[in-house]
Amino acid sequence: MEEASLRNQTTLVTYFRLGGLSVNQKVQIAGFAMFLIFYVFTLIGNVLIVITVIYDHRLHTPMYFFLSNLSFIDVCHSTVTVPKMLIDTWSEEKLISFDICVTQMFFLHLFACTEIFLLTVMAYDRYVAICKPLQYMTVMNWKVCVLLAVALWTGGTIHSIALTSLTVKLPYCGPDEIDNFFCDVPQVIKLACTDTHIIEILIISNSGLISVVCFVVLVVSYVVILVSLRQQISKGRRKALSTCAAHLTVVTLFLGHCIFIYSRPSTSLPEDKVVSVFFTAVNPLLNPIIYTLRNEDMKNALNKLMGRMEGKEKQ
């Protein structure tokens with residue numbers, strides 16, 4: 001009887017109401033213009049990186065294989081939340097159905113967790129390239145790269161299924177207001193009509209632990225890399241430092257959000273929306289900027305690709 005009652009309670013909530021970025025209409029319109037620009041440039045920048053890596057055979061290396069994966073994830077990650085946020089700018093109610101909300105949570109955590117694992121793999125790739133250059137192509141051969149890619153996508157999928165399943169099983173009978181512009185597990189479980197203390201502990205143990213452990217591994221990797229760079233010639237050191245600085249910037253911005261949101265109980269803070277904006281809209285745009293502006297090989301490949309495209313247009 002209790003299980004049937006919970007199922008009936010769950011069906012009472014068919015829609016959630018998103019709080020959006022702001023209740024001020026002028027702020028919302030300004031936000032629409034800004035985030036539309038961010039999203040368009042995110043798509044253009046990351047798609048260009050993927051095309052360039054595929055097109056230029058000189059970039060067919062493990063580093064750029066993982067970089068193209070990162071760009072693909074960033075496009076998907078941004079698309080999960082930003083288009084809905086742009087549409088909701090012109091809507092007063094900002095409704096999202098229960099099923100769409102669950103779908104959004106699933107893909108949000110799939111791409112976010114996969115990106116965390118990918119950034120960790122990229123740090124390992126840089127460690128091998130800098131600290132063990134003679135063994136690099138043996139250790140990071142294409143079979144290993146493909147297996148690592150499959151492993152990180154599998155890990156992200158398992159993580160997302162676990163969190164989404166825990167959230168869906170809870171009964172929702174009101175309230176229905178999500179204090180954000182997208183559905184995420186911490187905000188949604190607060191609306192459950194039951195005690196969610198155990199679920200919150202599981203979320204912190206899962207998402208929070210993954211974020212913290214990966215961040216520690218990344219920091220240790222870069223400390224080892226920086227120590228190793230002290231013994232290399234100046235030109236090689238500058239190029240390696242540039243690559244590592246770009247990677248470390250991305251890692252800090254991305255994992256900083258994950259640790260802030262998922263390593264504490266699901267309580268709303270004023271900073272949550274600001275952090276979420278960087279996580280979903282700004283960070284995916286920064287990745288292509290950081291990697292292209294600080295990477296000579298990528299800039300040369302992009303210039304070559306653009307030159308070929310201009311040549312075809314003139315013909």
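Quick look at the numbers
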quantity	calculated
Near pairs, Cβ below 7 angstrom, 6+ apart or cross-chain, from region 49-78 (of a type in the set (Phe, Trp, Tyr)) to any residue that is open to solvent by 30 Å² or more (accessible area, probe 1.4 Å)	Phe72/Val50
Residue ranges of helices (runs of 4 or more DSSP H) in region 84-199 with at least 1 members open to solvent by less than 10 Å² (accessible area, probe 1.4 Å)	98-131, 142-168, 185-189
Candidate set: region 1-27, residues that are of a type outside the set (D, E, K, R) and at pLDDT 80 or above; chosen: the one nearest to Asp179 (Cα to Cα)	Gly19
Residue list for region 15-37, filter: among the polar types (S, T, N, Q) and open to solvent by less than 80 Å² (accessible area, probe 1.4 Å)	Ser22, Asn24, Gln28
Residue that is farthest from the chain's Cα centre (by Cα) [pool: residues in region 38-77 that are open to solvent by 40 Å² or more (accessible area, probe 1.4 Å) and of a type in the set (Ser, Thr, Tyr)]	Tyr55
Looking only at region 200-211, and only at residues there that are of a type in the set (Ser, Thr, Tyr) and crowded, with 22+ Cβ neighbours inside 10 Å, the one that is modelled with the lowest pLDDT	Ser207
Inter-residue pairs, beta-carbon under 6 Å, first more than 19 Å from Cys244 (Cα to Cα) and in region 131-147, second β-branched (Val, Ile, Thr), 6+ apart	Val139/Val128
Residue in region 20-37 that is in contact (Cβ under 8 Å) with a residue 60 or more places away in the chain, under 19 Å from the mean Cα position of the chain (by Cα), farther than 22 Å from Val144 by Cβ and assigned to a helix (DSSP H, G or I) present	yes
Neighbours by Cβ (under 6 Å, 6+ apart or cross-chain): first from region 297-309, surrounded by 15 or more Cβ atoms within 10 Å (Cβ to Cβ); second part of a helix (DSSP H, G or I) and at pLDDT 75 or above	Ala301/Thr52; Ala301/Leu59; Leu302/Thr52; Leu305/Thr52; Leu305/Tyr55
Per-region count, region 251-278, residues modelled with pLDDT of 75 or more, in contact with a helix residue (DSSP H, G or I) (Cβ under 7 Å, 6 or more places away or on another chain) and open to solvent by less than 50 Å² (accessible area, probe 1.4 Å)	5
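Yes/no per residue for (1) within 14 Å of the chain's Cα centre (by Cα); (2) at pLDDT 75 or above:
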{"site": "Thr243", "(1), (2)": "no, no"}
{"site": "Leu248", "(1), (2)": "no, yes"}
{"site": "Thr280", "(1), (2)": "yes, yes"}
{"site": "Asn283", "(1), (2)": "yes, yes"}
{"site": "Tyr291", "(1), (2)": "no, no"}
{"site": "Met309", "(1), (2)": "no, no"}
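The values are calculated or read from the model by the stated rules, or taken from the named source; none is laboratory data. None of these values were measured; they are calculated from a predicted model. Every residue, glycine among them, receives a Cβ derived from its backbone with ideal geometry; neighbour counts consider all protein chains shown. With ligands, DNA and RNA removed, areas are computed over all heavy atoms of the protein, side chains included. Shrake-Rupley method; radii C 1.70, N 1.55, O 1.52, S 1.80 Å.
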